[in-house]
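The values are calculated or read from the model by the stated rules, or taken from the named source; none is laboratory data. Model, not experiment: these values are computed from the prediction. All Cβ positions, even for glycine, are placed from backbone atoms using ideal geometry, and neighbour counts span all protein chains on display. Keep in mind that these areas ignore ligands, DNA and RNA; they rest on the heavy atoms of the full protein, side chains included. Shrake-Rupley method; radii C 1.70, N 1.55, O 1.52, S 1.80 Å.
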Amino acid sequence: MRQRLEEFDELAAKYRASIPRDGKRSGDATLRGELRTAEPTLKKILTCLDPLLATFIDVDRLEGVVRAQASIKRGLGILNDMDDWATRLAPDAPSLPADQFHPWVWDAARTLWESEHYRAAVHAAATSINAHLQTKLGRRDLSDAKLVQEAFSDKAPETGKPRLRIPGDQTDPGVQTRQRGALQLGQGAYFALRNPAAHETGDLAEQEAMEQLATFSVVARLIDQCQVVA
């Protein structure tokens with residue numbers, strides 16, 4: 001946009017310089033033709049920046065050319081400051097950088113996310129967590145919500161059924177609460193998020209998919225931090 005605005009401004013300056021001092025004749029016809037060709041794009045750019053800037057631009061009239069140059073200067077001012085506005089005038093809300101999600105989640109989802117396949121990205125993240133959990137427990141007989149249930153069960157481990165335990169004193173009520181919460185969160189993520197991602201049609205909105213990836217990132221961190229008890 002900046003390049004187009006600057007090119008038009010330079011062209012307009014050349015055209016105005018070609019107008020005789022007595023003002024009785026028009027300027028260079030070739031330059032006016034180039035202005036006419038560039039005018040629609042100029043108006044489109046200025047409308048995107050501020051609709052008022054495109055008002056009264058008409059290169060068939062000298063006044064319209066002068067107005068165009070004035071609007072271009074204002075448009076360039078907007079472009080110069082847009083990044084600063086976004087940083088300084090935006091609501092003071094936290095951001096959620098996806099590349100800071102747990103690697104089990106983002107490494108699996110990234111390629112699909114970049115191609116805007118958001119539901120598939122969520123499904124890939126859930127599948128990745130399941131594979132890492134199976135590896136951590138040495139189990140291939142269960143998957144998804146059922147595997148999470150067995151992993152975080154408060155039952156004692158059995159032969160072929162190791163458990164995950166939140167780090168800390170297992171008799172501490174706070175640790176026990178986190179253990180139950182990890183179980184419920186993990187199952188809920190698979191029931192409420194992974195299953196629809198696998199079986200429903202249509203894509204997710206980007207924001208909704210981001211929130212779901214964030215949920216799976218929490219699940220992945222809990223699993224990754226847990227100790228295996230066999």
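Odds and ends about this structure:
- Taking a straight Cα-Cα cut-off under 24 Å and skipping sequence neighbours fewer than 8 places away in the same chain, the lysines within cross-link reach of Lys14 are Lys24, Lys43, Lys44, Lys73.
- Averaged per residue, the chain has 59 square angstrom of accessible surface, using a 1.4 angstrom probe with ligands and nucleic acids left out.
- Carbon-plus-sulfur accessible fraction, the chain (probe radius 1.4 Å, protein heavy atoms only): 51%.
- Projecting the Cα atoms of Thr111, Leu96, Thr177 onto the dipole axis of region 73-191, where Lys and Arg carry +1 and Asp and Glu carry -1 at the beta carbon, places Thr177 farthest toward the positive end.
- Computed lengthening from Lys146 to Asp99, 0.36 nm per intervening residue step minus Cα-Cα distance: 14.1 nm
- Normalised by residue count, region 90-164 yields a Cα convex hull volume of 125 Å³ per residue.
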